[in-house]
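Written out below as structure tokens is the structure these notes cover.
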Amino acid sequence: MVTVAPSHEVWSERDATPSAIDAALRKMLAERHAEDPDFVPARVCNLIAIVEREWRGEVENRLEKVGRFNPSRTIVCAVEKRRSTIDAVVALGMTGEHKQGEVAVGAERVELTIGEEHLQRLETIVDPLIVPDLMTIVWAPHGHDAAVDALVKLAGVVLIDTVTAPDPSAAVKRAAWLIERAYVVDLAWLRSVPWRERLASTFDPTQWRRSLREITAVTVRHHPESVVSATLLVAWLATRLGWKPAPMQDEDGGLVARCRAPGRKVRLRVEPDETMPVAGLAGVALETASGMKLSLFRGSGGLRATRKAPGGKESSWVVLGASRGESGILGEGIRQALLRDPTYGPALTAACEMLAS
């Protein structure tokens, strides 16, 4: 069996038009299939990434790390100030080797260098370049909210990261505005997935179920820029356990909300951890009315969990594989765009109430 090495084909043009780029894509696909009948372009989703030109390399590096969650066709729109024309580069290729006679799945990358004036009509530029009838995701890691708004109807899915916004209250309000118009995947929310999974599994044993209805305090430690991630976690707990959200107040270097629950109040606190090297959460601690205490904190090889029973008996264990790392967050975001998470919307609404200014 002959093994075929991966190859890439590139087309480029200065002062290009959307129709010329579309024609080049079609021609490259036809020629590639004629050369290699085993070649089949992936057809899962489109991704439109709107980035600042000087940071394009960083974004492309992030896209290279998404692995098997790589979108079928990626359109990178690199914005350059005072530019009036569109330069285009189209790359067609596949990752890895394949044996002759086996299907070789390919991916397409379109890189457009555009000016700020093109953002006002970005829909007309990218519409001819997306694969019809596929889900389309729009992602703007460097802002450009107006361009995202213009593409919401075309895309249907918006990928955001609320931790990058300087104002947490404005960030969740913006997310709430978008969720009324598209399906939103928030990377800040995805960073809390391992914590939500581990918290839920901790209360799976029958003897601990009752403690869920006795929680009186929750403290979440977070990276200084991850206030939204921490707030979304406590908001998720509030919505799942029937606590009435309350506005957060500054208190001793953190934010505190006192939520109403049946027969008691629950004190929710989020506080920054200056030792955190990357965005996300550092730890979660819970207390119950009966005296049970539970904590989960980052440690070597996973999360370090400790539970102190009402009688004083303490047990500790390590939850392995609790974090995918920052490099896996973007790939998980693309995967989540293919799914539907019914818990983000209610948690976002509660977070808006908690961070209301």
Inset, instruction - Please identify the pairs in which a residue from the stretch 263-286 that is at pLDDT 90 or above has its Cβ atom under 7 Å from the Cβ atom of a residue that is small (Gly, Ala, Ser) and part of a loop (DSSP other than H, G, I, E, B), counting only partners at least 6 apart or on another chain. - result: ARG264/ALA289; GLU271/GLY253; LEU281/SER192; LEU281/SER226
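Looking only at strands (runs of 3 or more DSSP E) that fall completely inside the stretch 250-357, which ones have 3 or more residues that are under 17 Å from SER226 (Cα atoms) and not aliphatic (A, V, I, L, M)? Working first, answer last.
Details: elements: 254-261, 264-272, 281-288, 293-299, 302-308, 314-320.
Of the strands (runs of 3 or more DSSP E) lying wholly inside the stretch 250-357, those with at least 3 residues that are under 17 Å from SER226 (Cα atoms) and not aliphatic (A, V, I, L, M) span 264-272.
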Legend entry - Of all residues making up the stretch 233-261, the number that are closer than 21 Å to ALA305 by Cβ and buried (at least 18 other Cβ atoms within 10 Å of the Cβ): 4
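Would you check if there is a residue in the stretch 184-194 being assigned to a loop (DSSP other than H, G, I, E, B) and either of a type in the set (Ser, Thr, Tyr) or over 30 Å from SER290 (Cβ atoms) (or both)? Let's see the steps before the verdict.
Of the residues in the stretch 184-194, the ones assigned to a loop (DSSP other than H, G, I, E, B) are 191-192.
After this cut, where a residue has to be either of a type in the set (Ser, Thr, Tyr) or over 30 Å from SER290 (Cβ atoms) (or both) as well, the list is 191-192.
Checking the stretch 184-194: at least one residue is assigned to a loop (DSSP other than H, G, I, E, B) and either of a type in the set (Ser, Thr, Tyr) or over 30 Å from SER290 (Cβ atoms) (or both).
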Inset, instruction - Hey, can you tell me all the residues within the stretch 152-171 that are assigned to a helix (DSSP H, G or I) and touching a helix residue (DSSP H, G or I) at 6+ places or on another chain (Cβ under 6 Å)? - result: LEU154, THR162, VAL163, PRO168, ALA171
Inset, instruction - With the condition kept exactly as written, say whether any residue in the stretch 24-39 is modelled with pLDDT of 95 or more and not aliphatic (A, V, I, L, M). - result: no
Legend entry - Of all residues in the stretch 40-81 being at pLDDT below 90 and part of a strand (DSSP E or B), the one that is least open to solvent (accessible area, probe 1.4 Å): PRO41
Legend entry - Lone unmet requirement of (1) more than 30 Å from ILE48 (Cβ to Cβ); (2) at pLDDT 85 or above; (3) polar (S, T, N, Q); (4) open to solvent by 30 Å² or more (accessible area, probe 1.4 Å) for SER300: (2)
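The values are calculated or read from the model by the stated rules, or taken from the named source; none is laboratory data. Model, not experiment: these values are computed from the prediction. So basically every Cβ, Gly included, is an ideal-geometry build from the backbone, and we count neighbours across all protein chains shown. These area figures cover heavy atoms from the full protein model, side chains too; ligands, DNA and RNA do not enter into them. Shrake-Rupley method; radii C 1.70, N 1.55, O 1.52, S 1.80 Å.
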